[in-house]
Amino acid sequence: MSVANFRPYDDGEDIQCHDENVVIICGPNATCFGTDPLDLIKEEKKSIEECPDSVDATPEPEGLKIAQNADKDYQSQMQLHVNSLWLIHYSCLLDSDHVGTISNNANLVPDTGQVVVWVDCKDNREEVAEKLTGIIPRAYIEHSENDFRRKVWGYLFHTANPENGQEDLKEWSQEVHRILEYIDPQ
C-alpha cells in the first residue's frame with residue numbers, strides 16, 4: 001500500500017476485508033530458510049483456510065531500499081510505517097550501515113503490529129539470535145523455519161484478520177495515522 005492510499009479505520013467501522021501490508025527487509029538474494037520471502041508470505045496467506053476472503057497480504061519487497069533511505073527521506077520513512085508486519089533478515093541488523101535506521105523505525109511499530117527477524121544462517125543460529133537480542137526489543141527473533149512461519153501465520157490469522165482482530169486493526173491504523181502526521185504534519 002502506498003502512503004497515499006492509507007487511511008485509518010474508524011472506531012465504529014465494521015471491517016470486512018483487510019489488505020495486510022508486509023515489509024520485507026532483506027538483501028536482493030536473501031532467502032527465508034531456503035524459500036523466496038515473497039513466496040513464503042503467499043504460502044502463509046493461503047494457509048488461512050477458515051477465512052481466505054477477509055485478509056490479504058501484500059508484500060513490499062523493496063523494504064531494504066526503503067529502510068536505507070528512511071533516515072534521509074521522510075516519504076521512505078512513511079512508506080515503512082504503513083506496513084504492520086515487518087519481516088527482517090538477520091544480516092540487515094548485523095550491518096552497521098543499516099541497523100540504526102531499521103531499528104529506530106521498527107521500534108515505532110505500534111504494539112498491534114509485529115516485527116519478526118529470521119535467522120537462517122548455516123551455523124550457530126542461536127548464537128546469532130542472541131547477538132540480535134535488544135536491537136529491536138519487541139521483535140521476535142526466530143531461528144527455525146517452523147517458528148518463523150508460525151509467527152507470520154499467527155499474525156495474519158489473528159491480528160490482521162478482521163474476523164479475529166477488528167479492534168487490533170483499528171488501533172494499529174489509528175496509531176500509524178498519528179505517526180504519519182508526526183513525520184509529515186502537513
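Read-outs throughout are calculated quantities, based only on the coordinates presented, and are distinct from any laboratory measurement. Every value quoted in this text rests on a predicted model; they were computed, and no experiment measured them. FYI the Cβ positions are ideal-geometry reconstructions off the backbone, even for glycines, and counts take in every protein chain you see.
Overview of results
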quantity: Two-site label geometry, Asn29 and Asp147: point separation in nm, points 7 Å out along Cα→Cβ; calculated: 2.8
quantity: Helical mean residue ellipticity (222 nm; -39500 (n - 2.57) per DSSP H run of 4+; nearest 500) of the chain; calculated: -12000 deg cm²/dmol
quantity: Potential lengthening between Lys46 and Val99 on full extension [0.36 nm per residue; Cα-Cα distance subtracted]; calculated: 15.9 nm
quantity: Residue pairs, from the table Lys46/Lys151; Lys46/Lys72; Lys42/Lys65; Lys45/Lys122; Lys72/Lys122, whose Cα atoms sit over 25 Å apart; calculated: Lys46/Lys72; Lys45/Lys122; Lys72/Lys122
quantity: Spin-label zone in the stretch 82-99 - amide nitrogen under 14 Å from a point set 7 Å from the Cα of Lys72 along the C-beta vector; calculated: 97-98
quantity: Computed log₁₀ I(q)/I(0) - Debye formula, equal Cα scatterers, no solvent, the stretch 1-127, q 0.19 Å⁻¹; calculated: -1.13
quantity: Extended-chain gain in nm, criterion 0.36 nm per residue less alpha-carbon gap, Lys131 and Gln186; calculated: 15.8 nm
quantity: Pair Glu13, Asp123: separation of 7 Å Cα→Cβ label points (nm); calculated: 5.1
